[in-house]
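Single-structure report; data block below.
Quick note: the coordinates plus some simple rules give every number you see, no bench work behind them. Everything numeric in this text was worked out from a predicted model, so none of it was measured.
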Amino acid sequence: MSSSTFQKFDAILVDPEIQSRMRLKQATTAVPHFGKVHQLTELREAQNRLAGSERCDVVFISRKFEMENIISFIKTAKGTGQGQDSAYILVLGAKDQDSSTVAASVMSGFDGFLFEPYSVDNLLEITEISSRVRKERSLAREEAAMKLLVTDLLNQIDLLSYMKTMKSDPTRVLKKLRERTAVLKTLSPESSDIYYRIALDMFENAPLPTKIFQRKNYGGASSRVKRKMEDKLIAELEKDTTEPPKPA
């Protein structure tokens, strides 16, 4: 990171002891990559802050808390608006720096560790971890959203094909398909790349149409009955678009 373009990282320090909390706060002031650094004494306070509107890139958590409480906190915090992209760093004192403690912490959802005494290099490494974590988690969410979008497009195309075989009016389905694809025009180049990659994979591996498209067509003369069947089919399809299709 160059000194003129580096990103500022806002952080939360959660430590029940004021002395160690102040030491870490002072250490972060020596690293210009840190922006706002808030000091908190309880995990509950941190959880409330992460549920708010103020951005947080890094959450430093002292090992002085019970590990059971820490694990519960991280699980809940990752579901909050600000905490979902935060990096969670365990702060270990000298007596906690054994391999078993570190190994157990890795399994608990931490993204990194900070060992006392703190150094500028250690804290710079934390900012790099935070940048990577935020990017990876944001990308994972975008990919999940794209998969849902492509799933919906696949189902709409299946429905359009089925409506044509039924000799039904496809106007409603075409309208819905246009509405779904309109968002593609607003994607950034990076998001478009993600969409094309996922769409290519999912279209190539799309399974056969679901069972709701394999029913016997209604061949009667009643347009009311036919319309009712179409409405039911569309409703069932929309109910089934909450999960991506499984590969064939």
Checklist outcome for this item: Counting only residues 5 or more apart in sequence or on a different chain, those whose built amide H sits under 5 Å from that of Asp57 are Asp10, Ala11
Item to check | Long pairs among Lys78/Lys135; Lys147/Lys167; Lys8/Lys64; Lys78/Lys185; Lys25/Lys75, criterion Cα-Cα beyond 21 Å | outcome: Lys147/Lys167; Lys8/Lys64; Lys78/Lys185; Lys25/Lys75
Checklist entry - Stretched out fully, how many nm does the piece from Tyr196 to Arg132 gain, at 0.36 nm a residue minus the Cα gap? => result 20.7 nm
